[in-house]
Amino acid sequence: MNMKKFAALLLAALMVLTLAACGAASSSAAGAASGAAVTDDPQTTEEAAALYAKLMDQENALLSENTDLWDKVYLQANKGMAMVEDGKNYGDFLLDTIEAAKSEFSAEELEVLTKAAGEIRDIENQLTALEEKFPDCQQAYMNGGASVSPEEGSLQKFPAFEGKDLDGNTVNSDDLFSANAVTVVNFWFTACKPCVGELSDLDALNRELAEKGGALIGINTTTLNGDEASIAEAKEVLAKKGASYQNVYFDASGAAGAFIQNIFAYPTTYVVDRSGNIVGDPIMGAITEKNQAEALQKLIDQALAADAG
């Protein structure tokens, strides 16, 4: 599953910038944990995962530089509107966005942004080539470089985490998933209009799931590391939308934080079974849209059927 290939919600990129430093640290840790030397010509999944981590470090570093300029890029185009897949990599997406907003930048700023976006495009092409040659390398990277067999690769584990909900109660992912026949995990943040727009629908879905032994949880990405201001803002938004389902946060430097680094479209929703396995592909876009709602329901039904069987 290559989350990097999906185009982003423009404002979501602002969140990426705030998490980039954490992602870089996680990437380095993944490469170190694999025990594999970083080589530009990997021969094993472990070596590919180490190179994947190195490339992610480079991309995150580019996105962490000149944040004021990147902010101007994202805020100039289609504010609050979710992007759809157009077949381009993230670097091409950035280059198109820069071109559309070029009148807002000086010649020097354009040179800086265009150069960085071009480098990101090249990195994305390298990541794609790695994933084509070593289909399990991205999962191995997110698992800290651990080897993944073909059989295991077909069942991607949702990364384990220990954290708290917005009321301060301790949450453990193993306990959370094992307690539910199915768990729907929704990634969002408060500045994302489509994210906020679906909160009421998600709350209704949570009530439906509860009747079937399931649950829905939210992960507001700006609340990671227990940021108090973001937690207060998220609670306020949830209350206004009448959404009472559990929202959780955790340390951004862990495996789940690294997982978020590969989410570039918001909202994104995952379905997880009782064993903590991700069911099917993620749903990108708000479930207020018919296609997303139907796709999500199919995955929920699949997980419930497997649990019952």
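The values are calculated or read from the model by the stated rules, or taken from the named source; none is laboratory data. Just so it is clear, the structure is predicted and the values come from calculations on it, not from any experiment. So basically every Cβ, Gly included, is an ideal-geometry build from the backbone, and we count neighbours across all protein chains shown. For accessibility, only protein heavy atoms count, side chains too; no ligands or nucleic acids. Shrake-Rupley method; radii C 1.70, N 1.55, O 1.52, S 1.80 Å.
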Q | Unmet criterion (only one of (1) free of Cβ contacts under 8 Å to residues at least 12 places away in the same chain; (2) assigned to a loop (DSSP other than H, G, I, E, B)) for Ala239 | A | (2)
Q.
Let me spell it out: the conditions are (1) part of a loop (DSSP other than H, G, I, E, B); (2) open to solvent by 10 Å² or more (accessible area, probe 1.4 Å); (3) modelled with pLDDT under 95, and Thr222 meets all of them except one. Which number is the exception?
A. (1)
Q) What number of residues within the range 271-303 are in contact with a strand residue (DSSP E or B) (Cβ under 8 Å, 6 or more places away or on another chain), farther than 21 Å from Ala191 by Cβ and touching a residue at least 60 places away in the same chain (Cβ under 8 Å)? A) 11
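With the structure loaded, tell me whether Ala229 is open to solvent by 10 Å² or more (accessible area, probe 1.4 Å), of a type in the set (Gly, Ala, Ser) and without any contact (Cβ under 8 Å) to a residue 24 or more places away in the chain or whether it fails that test. Let's see the steps before the verdict.
Numbers: open to solvent by 10 Å² or more (accessible area, probe 1.4 Å): yes; of a type in the set (Gly, Ala, Ser): yes; without any contact (Cβ under 8 Å) to a residue 24 or more places away in the chain: yes.
Criteria met by Ala229.
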Q. Since Ala229 meets every condition but one in (1) over 21 Å from the mean Cα position of the chain (by Cα); (2) part of a helix (DSSP H, G or I); (3) modelled with pLDDT of 95 or more, which condition does it not meet?
A. (3)
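On the basis of being of a type in the set (D, E, K, R), surrounded by 15 or more Cβ atoms within 10 Å (Cβ to Cβ), at pLDDT 80 or above and out of contact with any strand residue (DSSP E or B) (no Cβ under 8 Å at 6 or more places or on another chain), does Glu124 make the cut? Outline the logic, then answer.
Working: of a type in the set (D, E, K, R): yes; surrounded by 15 or more Cβ atoms within 10 Å (Cβ to Cβ): yes; at pLDDT 80 or above: yes; out of contact with any strand residue (DSSP E or B) (no Cβ under 8 Å at 6 or more places or on another chain): yes.
Yes.
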Q: Considering every residue within the range 282-292, establish whether at least one is in a loop (DSSP other than H, G, I, E, B), open to solvent by 40 Å² or more (accessible area, probe 1.4 Å) and within 20 Å of Ser178 (Cα to Cα).
A: no
Q) Can you name every residue in the range 257-281 that is within 19 Å of Leu202 (Cβ to Cβ) and assigned to a helix (DSSP H, G or I)? A) Ile260
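So, of the residues in the range 200-215 that are of a type outside the set (A, V, I, L, M, F, W, C) and assigned to a helix (DSSP H, G or I), which turns out to be surrounded by the most Cβ atoms within 10 Å (Cβ to Cβ)? Quick ask: steps written out before the conclusion?
Filtering the range 200-215 for residues of a type outside the set (A, V, I, L, M, F, W, C) gives 200-201, 203, 206-208, 211-214.
Subsequent filtering for residues that are assigned to a helix (DSSP H, G or I) retains 200-201, 203, 206-208.
Working: Ser200: 14, Asp201: 15, Asp203: 17, Asn206: 20, Arg207: 11, Glu208: 12.
Taking the candidates together, the pick is Asn206.
Can we say Lys240 is over 30 Å from Ala308 (Cβ atoms) and either of a type in the set (Lys, Arg) or in contact with a strand residue (DSSP E or B) (Cβ under 6 Å, 6 or more places away or on another chain) (or both)? First the steps, then the outcome.
On the way: over 30 Å from Ala308 (Cβ atoms): yes; either of a type in the set (Lys, Arg) or in contact with a strand residue (DSSP E or B) (Cβ under 6 Å, 6 or more places away or on another chain) (or both): yes.
Taking the combined requirement at face value, the residue satisfies it.
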(Q) Return the residues of the range 194-206 that are in contact with a strand residue (DSSP E or B) (Cβ under 9 Å, 6 or more places away or on another chain) and farther than 17 Å from Ala234 by Cβ; say none if nothing qualifies. (A) Leu205
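Run down Ala243, Ala256, Ala179, Ala146 and say which single residue is open to solvent by less than 60 Å² (accessible area, probe 1.4 Å), hydrophobic (A, V, I, L, M, F, W, C) and modelled with pLDDT of 95 or more.
Numbers: Ala256 fails: modelled with pLDDT of 95 or more; Ala179 fails: open to solvent by less than 60 Å² (accessible area, probe 1.4 Å); Ala146 fails: modelled with pLDDT of 95 or more.
Of the residues listed, the single one that is open to solvent by less than 60 Å² (accessible area, probe 1.4 Å), hydrophobic (A, V, I, L, M, F, W, C) and modelled with pLDDT of 95 or more is Ala243.
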Q: Confirm whether Pro159 is part of a loop (DSSP other than H, G, I, E, B), modelled with pLDDT under 95 and under 18 Å from Ile260 (Cα atoms).
A: yes
